[in-house]
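One structure below.
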Amino acid sequence: MFVMYERFSRASMNPYLVIESRIDKFVATGLYDRIGSWPELAARSPFIAQCRRTPGGFLPLEMIYDNRPVGDTLIQRLADRYYLNGALCRGARVRLRQATHWLRQQIEDRLSRQESASVLSLASGGARDVIDAVGGADWADRVRYLGVDLDPQAVTYAHHRALAAGLNGRFRFEMGNALRPPRAWENRFDIVTSLGLFDYLRDSTAVRLLDRIHALLRPGGALLFGMVTSNPNQRFFEDYLNWRMIYRSPEHILGLARASKFEQIRAVSNHDDYFFLVACQRL
Ligand SMILES: C[S@@+](CC[C@H](N)C(=O)[O-])C[C@H]1O[C@@H](n2cnc3c(N)ncnc32)[C@H](O)[C@@H]1O
């Protein structure tokens, strides 16, 4: 799977780069999100084809993070560029940067106090946030990590990514249901992250999961979770990609966190970039 994806994402040619730089300038004008989605163009985009094959899966997210059009023809790469520049894709990249920054800070703070740094990702997918946060750090071998995902392909893929980033030994990935973490995991983790899972959960399930995560954390431990807030292309996502998420306002998301057992709640996102990140601490 990993090799296939690498082959899929080869570098582009020059005429493409010229047009790409114009598109990038256009995105910066803010008018981009008003153009809407064109099914004729979508049909040419390998990225969109992957979204349609596995909506909500880890591979579309990996392609969004790489932000690199793939495909053999100019039109395929242009179509990819168009959709990879879409509002939700940009928001997902902002979310990744914020999550990576938060994780690195949490881990460094704990290690500087000579505390343990045991990290759990629920619905880890490609585990990009934690691999980016820990890979290459001189304290990487002091971090213990477990990633849990329902999809066996995500588990294999993330395992290879972690090995490629030099994170062997203490990084483990398991297949499992993030909604039902075993009792044996209670009080075992210092940091939990979950991105791209809560977007699919009803309010009551989300609060129940927050309570379960509270029990997994040791006192003083922290959770980072994210939820999607809005999407200018929501109808395209739902009708063309069959990718359905629950959209909630930042206030609503904070309200769910407050309804859980967590004692301290803090917004990590400064403003609403289509996704909203919240940190919750167990005292
Ligand atoms: C949108 S991806 C997000 C992956 C990663 N967290 C990220 O932000 O890049 C969602 C992931 O959640 C996984 N997933 C969905 N429901 C799950 C569940 N109940 N337990 C574990 N993993 C789940 C999917 O297999 C997929 O890899």
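Each reported figure results from applying straightforward, stated rules to the coordinates on display, with no laboratory input. Source: prediction; values computed, not measured. Cβ sites come from the backbone with ideal geometry, for glycine too, and all protein chains shown count toward neighbours.
Some observations on this one:
- Listed here are the strands (runs of 3 or more DSSP E) enclosed by the stretch 79-184 that have at least 3 residues being within 11 Å of the ligand (Cβ to nearest atom) and closer than 26 Å to residue 275 by Cα: 143-149.
- Residue list for the stretch 35-61, filter: touching a Pro at 6+ places or on another chain (Cβ under 9 Å), exposed (fewer than 13 other Cβ atoms within 10 Å of the Cβ) and in contact (Cβ under 8 Å) with a residue 60 or more places away in the chain: 36
- Checklist (1) crowded, with 20+ Cβ neighbours inside 10 Å; (2) in a strand (DSSP E or B); (3) not aliphatic (A, V, I, L, M) applied to residue 262, failing item: (2)
- Hits in the stretch 40-78 (condition: hydrophobic (A, V, I, L, M, F, W, C) and within 16 Å of the ligand (Cβ to nearest atom)): 47, 48, 51, 58, 59, 61, 63, 64
- Only one entry of 212, 218 meets the criterion of being more than 15 Å from the ligand (Cβ to nearest atom) and either assigned to a helix (DSSP H, G or I) or touching a residue at least 24 places away in the same chain (Cβ under 8 Å) (or both), and that entry is 218.
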